[in-house]
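The values are calculated or read from the model by the stated rules, or taken from the named source; none is laboratory data. Owing to the predicted nature of the structure, the values given are computational and were not obtained by experimental measurement. Because the Cβ atoms are built from the backbone with ideal geometry, glycine has one as well, and the counts that use them run over all protein chains shown. What goes into the accessible areas is simple: the full protein's heavy atoms, side chains included, and nothing from ligands, DNA or RNA. Shrake-Rupley method; radii C 1.70, N 1.55, O 1.52, S 1.80 Å.
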Amino acid sequence: MNKKNDEIMKNSAEISSVAKRIVEVLTSFGVAAEVFDVCEGPTVLRVKIMLSPGVMYSQVTELSENLRHALSVKSLRIEAPIPGEEYIGIEVPKEEYDKVSFVDTVLPAMSQCIIQRDKFNTLPIVIGKGVDGKTILSDLASLPHLIVGGASGQGKSEFLNSLICGLIASRSPEEVQFLIADSKCDEYSRYNGLPHLIEPVITDSSRIISALRWAVTEMEKRLKMFAKASVRNIADFNSRGSVPQGYIFDDESLGEFDESLPKGVPYIVIVIDDFSGLMKNVREKIEQDITLLTGRARAVGIHLVLVTQRLDADVLPETILANVPGRIAFKTTSSSDSESILDNTGAENLIGKGDCLFRRKNGICRAQAPYIGDAEIEDIIAEAKRKWGDKCSE
């Protein structure tokens with residue numbers, strides 16, 4: 001065990017006990033290994049194991065159940081190897097979880113994004129705190145779309161509220177606008193009147209269909225505008241030289257604007273909760289529009305967040321999955337559901353209560369998603385209305 005890890009062991013009896021027991025179990029099955037390092041996140045300890053020469057990764061993964069029983073934990077996840085490293089990561093639930101709050105995690109990150117305002121932070125979203133205790137920040141604009149899946153009650157709604165409130169707190173209505181669809185009618189009505197909303201939260205299936213068709217029309221309109229301005233994407237369009245201001249959210253054709261182009265256009269985030277229910281009821285009316293948006297809307301600044309509990313091919317056909325590389329999996333009921341979201345197993349072994357796996361370009365990372373309470377949501381909404389106006393009072 002190296003010097004760095006010796007210091008860690010002295011600071012925590014729990015960490016020392018877990019790491020020691022893991023090595024003992026592996027040794028008892030003839031797997032020679034030693035602890036290289038230990039990371040402590042909000043909900044799990046990740047023990048980094050270095051295998052002796054000649055020992056295969058599969059020899060450790062095959063002992064997953066033995067390790068779980070030996071440590072007396074309900075779940076255990078093995079990452080073999082950790083992406084970009086030669087070590088195996090064994091993630092064990094902590095006896096006591098550390099709370100990851102919106103105020104302590106998301107708001108500081110959003111404040112930093114306001115100060116920096118670089119391209120990486122175009123549409124900043126906080127996934128949560130990782131197994132090393134550091135905040136995981138991503139950019140929806142670069143993902144460019146996101147699927148959020150998992151069993152009921154595992155943290156999807158809390159994460160969505162955190163995502164929405166984080167963007168509201170860091171971006172003006174001129175920078176980002178939302179279309180929120182909630183066919184369950186029980187989660188997002190509190191956002192009505194928010195100046196960032198293109199229209200009130202949509203709960204009726206027929207209106208959701210119309211909203212998606214509007215989004216496709218808006219995408220095509222923007223593509224024409226960008227071509228007329230000789231730019232390739234929304235970032236180039238919004239950063240070009242000043243031009244006469246026009247109005248983009250009407251039904252007139254672009255040709256009637258003559259030489260008048262808007263100075264800039266806002267990013268649009270389309271959030272669809274209960275996507276599985278929508279696909280079950282009106283799949284034939286929305287699948288083509290969703291496919292078009294996921295395939296072409298990135299360049300014009302329209303980004304989708306699809307939230308679903310069911311994860312079969314009827315809900316997430318390959319035509320949609322192929323264009324949505326951003327995936328977040330909360331605890332699933334089976335390894336096949338995990339495969340549907342992440343193209344990998346592991347989500348079935350999560351703890352629940354906001355514990356999630358985030359798939360990005362350089363692999364899958366684990367995070368504890370931030371929790372946001374009703375009072376915090378109301379405060380964010382009230383501040384946005386105070387600053388930019390209340391649509392309900394117009």
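Here are the numbers for this structure:
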read-out	value
Residue within segment 345-353 that is in a strand (DSSP E or B), within 25 Å of H145 (Cα to Cα) and in contact (Cβ under 8 Å) with a residue 24 or more places away in the chain present	no
Some residue of segment 295-313 being closer than 25 Å to A141 by Cβ and at pLDDT below 90	no
Residues of segment 217-237 satisfying the condition of being open to solvent by 60 Å² or more (accessible area, probe 1.4 Å), farther than 16 Å from A297 by Cβ and touching a residue at least 24 places away in the same chain (Cβ under 8 Å)	K228
Count - residues of segment 127-163 that are assigned to a helix (DSSP H, G or I), surrounded by fewer than 24 Cβ atoms within 10 Å (Cβ to Cβ) and hydroxyl-bearing (S, T, Y)	1
Enumeration of residues in segment 18-45 that are of a type in the set (F, W, Y) and surrounded by 14 or more Cβ atoms within 10 Å (Cβ to Cβ)	F36
Boolean, K387 is of a type outside the set (A, V, I, L, M), open to solvent by 10 Å² or more (accessible area, probe 1.4 Å), on the phi > 0 side of the Ramachandran plot and not in a strand (DSSP E or B)	no
Within segment 1-17, considering residues that are in a helix (DSSP H, G or I) and open to solvent by 60 Å² or more (accessible area, probe 1.4 Å), the one modelled with the highest pLDDT	S17
Every residue from segment 314-369 that is in contact with a strand residue (DSSP E or B) (Cβ under 7 Å, 6 or more places away or on another chain), among the β-branched types (V, I, T) and open to solvent by 20 Å² or more (accessible area, probe 1.4 Å)	I351, I364
Segment 188-227, residues that are polar (S, T, N, Q) and either touching a Leu at 6+ places or on another chain (Cβ under 6 Å) or in a helix (DSSP H, G or I) (or both)	S189, S205, S206, S210, T217
Checklist (1) in contact with a helix residue (DSSP H, G or I) (Cβ under 9 Å, 6 or more places away or on another chain); (2) at pLDDT 95 or above; (3) open to solvent by less than 70 Å² (accessible area, probe 1.4 Å) applied to Q177, failing item	(1)
Top-ranked residue of segment 128-179 - restricted to ones that are over 11 Å from the mean Cα position of the chain (by Cα) and of a type in the set (S, T, Y), ranked as farthest from A347 (Cα to Cα)	S172
Every pair of residues 6+ apart whose Cβ atoms lie under 6 Å, when the first sits in segment 172-200 and is closer than 25 Å to G155 by Cα while the second is assigned to a loop (DSSP other than H, G, I, E, B) and of a type in the set (S, T, N, Q)	D182/T203; C185/T203; P200/N192
Residues that are of a type in the set (A, V, I, L, M, F, W, C) and in contact with a helix residue (DSSP H, G or I) (Cβ under 9 Å, 6 or more places away or on another chain), drawn from segment 359-374	I364, A369, I372
Identity of the residue in segment 291-326, aliphatic (A, V, I, L, M) and in a helix (DSSP H, G or I), that ends up nearest to L223 (Cα to Cα)	V300
Candidate set: segment 46-77, residues that are part of a strand (DSSP E or B) and either touching a Leu at 6+ places or on another chain (Cβ under 8 Å) or hydroxyl-bearing (S, T, Y) (or both); chosen: the one least open to solvent (accessible area, probe 1.4 Å)	I49
Which numbered condition S205 misses (of (1) crowded, with 21+ Cβ neighbours inside 10 Å; (2) closer than 18 Å to Q309 by Cβ)	(1)
